[in-house]
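Heads up: the structure comes next, in structure tokens.
Bear in mind these aren't lab numbers, they're just calculated from the coordinates by the rules spelled out. Values in this document were obtained by computation on a predicted structure and should not be read as measured data. In this analysis, Cβ positions are derived from the backbone assuming ideal geometry, glycine residues included, and neighbour counts consider all displayed protein chains.
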Amino acid sequence: MTSQRTRERLISRLQEQGVSNEQVLDVIRNTPRHIFLDEALSHRAYEDSSLPIGYGQTLSQPYIVARMTELLVGAAAKLDRVLEIGTGSGYQTVILAQLVKSLYSVERIRPLQEKARERIKLLGLRNVLLRHADGGFGWPEQGPYDAILSAAAPRSVPESLKQQLAPNGVLVIPVGGEQQELQLVMRDGDSDKFVTRVIEPVKFVPLLSGTTR
């Protein structure tokens with residue numbers, strides 16, 4: 001289930017789908033995705049599919065994790081301070097944490113956050129700070145950020161997130177309702193001008209307001 005051969009098959013599928021950043025592929029290859037799932041689903045961990053993690057949330061398919069991470073790494077001028085909206089299982093968090101200097105991650109569902117905290121600790125990562133809060137508002141006290149990644153889809157890009165971008169900062173975010181698209185939003189220097197690039201159609205859980213204990 002967790003053999004190197006199984007993981008290599010996943011990496012080959014990601015490459016076939018166009019993921020080419022070797023640093024991103026190496027991190028995915030060496031991260032044990034099965035620990036982010038309940039035992040009953042762990043045998044499916046290295047399929048390229050999204051899987052339920054409870055509370056109406058999902059563990060994103062590896063392709064989407066790889067694609068969003070590759071976009072963020074490729075577009076950001078630096079990766080000293082990065083914000084993640086939606087810690088979820090902690091899988092995307094762990095992938096990002098291995099590629100950036102400091103990662104700040106916000107989760108609205110307390111039990112998911114606590115499980116993610118345990119997994120992050122298990123893997124020995126010390127550059128992640130977690131917060132239980134409404135993700136739509138980001139984490140302005142720790143900003144500005146060189147990059148922001150959202151693992152949930154708002155109807156439109158929250159102005160609060162755009163304003164937390166550092167000069168030339170980038171935001172990778174799914175946007176929409178029934179029909180969603182992955183967007184790359186780039187801040188033009190330190191101005192209030194933003195350039196948006198549509199990447200591809202996606203399907204994410206909605207970005208909801210409020211918190212759950």
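Can you give the calculated 222 nm mean residue ellipticity of the chain, where each DSSP H run of n ≥ 4 adds -39,500 (n - 2.57) and the sum is split over every residue, rounded to the nearest 500 deg cm²/dmol? So the helix-based figure for the chain works out to -8500 deg cm²/dmol. In plain terms, the residue of 146, 26 with the fewest other Cβ atoms within 10 Å comes first and the most crowded comes last, giving 26, 146. Assign one of three labels to the stretch 1-109, namely rounded, prolate or oblate, based on the Cα gyration tensor with a ≥ b ≥ c the square roots of its eigenvalues; rounded applies when a/c is under 1.5, prolate when it is not and a/b is larger than b/c, and oblate otherwise. In terms of gyration-tensor shape, oblate.
Of all beta bridges that DSSP places with both ends in the stretch 63-202, some 45 percent have antiparallel geometry. Of the residues 71, 79, the one with the fewest other Cβ atoms within 10 Å heads the list, and the complete ranking is 79, 71. Beta bridges from DSSP with both residues in the stretch 119-200: antiparallel share about 75 percent, rounded to the nearest 5.
Can you classify the stretch 57-213 as rounded, prolate or oblate using the Cα gyration tensor, where a ≥ b ≥ c are the square roots of its eigenvalues, rounded means a/c under 1.5, and otherwise it's prolate if a/b beats b/c and oblate if not? Here the stretch 57-213 falls in the rounded category.
With the charge dipole of the chain set up from +1 on Lys and Arg Cβ and -1 on Asp and Glu Cβ about the Cα centre, the Cα lying farthest toward the positive end among the listed residues 170, 77, 63 is that of 63.
Fewest neighbouring Cβ atoms within 10 Å first, the residues 49, 42 line up as 49, 42.
Take the Cβ atoms of residue 118 and residue 188, set R0 to 35 Å, and the FRET efficiency comes out at 0.30. Here the dipole of the stretch 63-202 is about 440 debye; that uses its Cα centre as origin and unit charges on the Cβ of Lys and Arg (positive) and Asp and Glu (negative). Of interest is the spacing of the C-alpha centroids, which for the stretch 44-106 and the stretch 6-34 amounts to 13 Å. Stretched out straight at 0.36 nm per residue, the stretch from residue 133 to residue 181 would grow longer than its current Cα-Cα span by 14.8 nm.
Amide hydrogen proximity for residue 153: with H placed 1.01 Å from N in the peptide plane, the residues at 5 or more positions away or on another chain lying under 5 Å are 205, 207.
Between residue 43 and residue 22, the FRET efficiency estimated from the beta carbon spacing at R0 = 25 angstrom works out to 0.35.
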